[in-house]
Amino acid sequence: MGTIATAAIGGLSGCGFQPLNARQDDGGSVSANLSTVRIEPLRDRVGQQMHNFLRDRLNPQGQPVSPSYRLAVQLTESLSELGVRRDETATRANLRIDAKFSLFDFGGGEALFSGSSSSTTSYDILENPFATTVSEEDARDRALGEVADDIQTRLSIYFSST
């Protein structure tokens with residue numbers, strides 16, 4: 001069984017497959033490139049949360065001292081209520097986070113890479129307003145985390161292909 005797995009993995013290298021975080025031909029790595037990205041400040045509390053999620057994923061050692069790139073992100077949040085009772089009060093809600101992002105050379109003005117990402121999470125609207133607020137904040141954290149993961153993955157793919 002081990003021989004078959006080894007042969008299968010060996011076969012993947014023949015087709016050009018390589019791990020996303022492997023060293024590149026120029027000696028650098030995707031994680032080294034990600035660590036040189038400065039994340040532009042975002043406004044309001046949700047923007048601060050997104051900034052922190054992205055910083056944790058791209059710059060786990062802290063903001064770069066001499067960045068090579070800068071990342072600009074624009075967030076929009078929408079809320080739609082679902083599951084309406086007979087008295088027309090909602091019992092469930094969807095929270096959607098949309099992000100448009102652009103990667104720039106730190107000194108340049110033209111975007112090197114742009115994209116968008118979104119996530120929709122649901123939560124219950126409960127009788128207790130505090131419990132509903134906690135549920136909504138948890139849904140927001142999950143959505144922001146998913147969007148940050150997607151942005152990191154897409155930037156990693158960009159860096160691995162350049």
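Readers should treat all values here as calculations from the given coordinates under stated rules, not as data from a laboratory. None of the values given here were measured: they were computed from a predicted structure. No Cβ is skipped: glycine too gets one built from the backbone with ideal geometry, and neighbour counts run over all protein chains shown.
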| task | Those residues that are under 30 Å from Y158 (Cβ atoms) and small (G, A, S), I need them from segment 88-109; list them, please. | result | A99, S102, G107, G108, G109
| query | For segment 41-63, what are the residues that are surrounded by fewer than 15 Cβ atoms within 10 Å (Cβ to Cβ) and in a loop (DSSP other than H, G, I, E, B)? | reply | P41, R43, P60, Q61, G62, Q63
| note | Here the residues within segment 110-132 that are outside any strand (DSSP E or B) and under 21 Å from S156 (Cα atoms) are E110
| message | If I ask for residues that are more than 21 Å from D150 (Cα to Cα) and among the aliphatic types (A, V, I, L, M), which ones from segment 80-104 would you list? | response | L82, V84, A90, A93
